[in-house]
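Read through the structure below, which is laid out as structure tokens, and then see the notes.
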Amino acid sequence: MAYMHASSPYAHQPVSTAKVMRTVLFATLPGLATLTWLFGWGSLIQLLLASLTALCCEAAVLALRGRPIRFYLKDNSALVTAWLLALSLPAYGPWWLVVLGTAVAIIIAKQLYGGLGYNPFNPAMIGYALLLIALPVPMTQWSLPLQLAQWPDFSDALSLIFAGNLALPDALTAATPLDAVRHKGGLTLSELWQNHATLATAWPAWVWLSLAWTLGGLYMLYTRIITWHIPVSLVASLLLISGLFYAGDPSNYSTPSFHLLAGATLFGAFFIATDPVTAATSNKGKLIYGAGIGILLFSIRSFGNYPDAMAFAVLLMNLSAPFLDYYTQPRTYGHQKAKRGLPKKG
């Protein structure tokens, strides 16, 4: 009987980078649809603008580096960076905001390090963090959901974004739930929810949006694009630490469910923290990596200057990813113990 001799890896259906990135793009569609449904056409326009900027910047840098442009553009990694950044920005921010952030993400945070696979930090979060620090006014001009405001049609939305306005009309702007809680002043949380007219009314919109991101995340888990380790450990650590502080002082600390559903928690847990290039790769490392993001997220939200902190938490843990991978290496087949620490001398 003849046997076929073949070398590893023994993969039945190899998955290309382009297919992985397409799956991530498909997974964002429930969130994009929900954003458009609740907040109007702004997010869709920002996403198209970011995509065009990312492709142009990537092509320009590849041409300067003498690399094949079509080969690298068709891996869809530039589009993933553009989409994740655009979905993180205010829906009706000025056009130059998303262009600047996307250009920084592609040129500096990605291509400057050598392109996909060499960047130590998440490019989309680098662009977001730069915009938030350098341009806090347009980055904090969030809008009311459709239930509370009469939104402009598509052409008016284009005019609003490209007219150079730094802010929306007062009738269309509102603090996000995290903004309201972070700057509650001397009020207790119960008083804040009672006295803040739009907070309780707008809260269901953010819940629906978080559920949409979860749906996309579950799709990526089902297709095995990501594993459960980072999202589960991130959410678990956030719920645990927020629950401890809420149990100790419920008048000043929000409930665990609020931290879970407000802001970019679930979007970040599934789409940002799971970046295969900048996150930890071993299973134990992923658990520690996700838990670290959850703890940092709560700490910056509760004690820092920013109401939400997903970008900063992810970037800080990006720094620790090589360390975690080194000290959490699994046992190599044929060896009794996994490699731990530096080898002993002598």
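The values are calculated or read from the model by the stated rules, or taken from the named source; none is laboratory data. Only a predicted model underlies this, so the values are computations on that prediction, with no experimental measurement involved. Methodologically, a virtual Cβ is constructed for each residue, glycine included, from the backbone with ideal geometry; neighbour enumeration extends over all protein chains shown. Accessible surface areas use protein heavy atoms only, side chains included; no ligands, DNA or RNA. Shrake-Rupley method; radii C 1.70, N 1.55, O 1.52, S 1.80 Å.
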Legend entry - Matching residues, the stretch 270-313, being in a helix (DSSP H, G or I), modelled with pLDDT of 90 or more, open to solvent by less than 30 Å² (accessible area, probe 1.4 Å) and not hydrophobic (A, V, I, L, M, F, W, C): G285, Y289, G290, G292, G294
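Evaluate the stretch 314-328: report whether one residue or more is in a loop (DSSP other than H, G, I, E, B), modelled with pLDDT of 90 or more and open to solvent by 10 Å² or more (accessible area, probe 1.4 Å). Steps first, answer last, please.
Here is the first cut: in the stretch 314-328, the ones in a loop (DSSP other than H, G, I, E, B) are 328.
Next, only the ones that are modelled with pLDDT of 90 or more stay: none.
No, the conditions are met nowhere in the stretch 314-328.
Among the candidates F267, F245, single out the residue that is touching a Phe, Trp or Tyr at 6+ places or on another chain (Cβ under 9 Å), buried (at least 19 other Cβ atoms within 10 Å of the Cβ) and part of a helix (DSSP H, G or I). Outline the logic, then answer.
Numbers: F245 fails: buried (at least 19 other Cβ atoms within 10 Å of the Cβ).
The match here is F267.
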Legend entry - Subset tally (residues that are over 24 Å from T28 (Cα atoms) and in contact (Cβ under 8 Å) with a residue 40 or more places away in the chain) for the stretch 241-269: 8
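I'd like to check which helices (runs of 4 or more DSSP H) are fully inside the stretch 82-174 and have at least 3 residues that are at pLDDT 90 or above and under 19 Å from P307 (Cα atoms). Spell out how you get there, then give the answer.
Details: elements: 95-103, 123-134, 136-139, 154-162.
Correct list: 123-134.
Within the stretch 70-121, take every residue that is basic (K, R) and in contact (Cβ under 8 Å) with a residue 12 or more places away in the chain and give me the one that is least open to solvent (accessible area, probe 1.4 Å). Can you show your working first?
Within the stretch 70-121, the first condition is being basic (K, R), and the residues that meet it are 70, 74, 110.
This time we only want the ones that are in contact (Cβ under 8 Å) with a residue 12 or more places away in the chain, so: 74, 110.
Values: K74: 123, K110: 6 Å².
The qualifying residue least open to solvent (accessible area, probe 1.4 Å) is K110.
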Legend entry - Residues being open to solvent by 20 Å² or more (accessible area, probe 1.4 Å) and farther than 18 Å from W96 by Cα - total across the stretch 41-69: 10
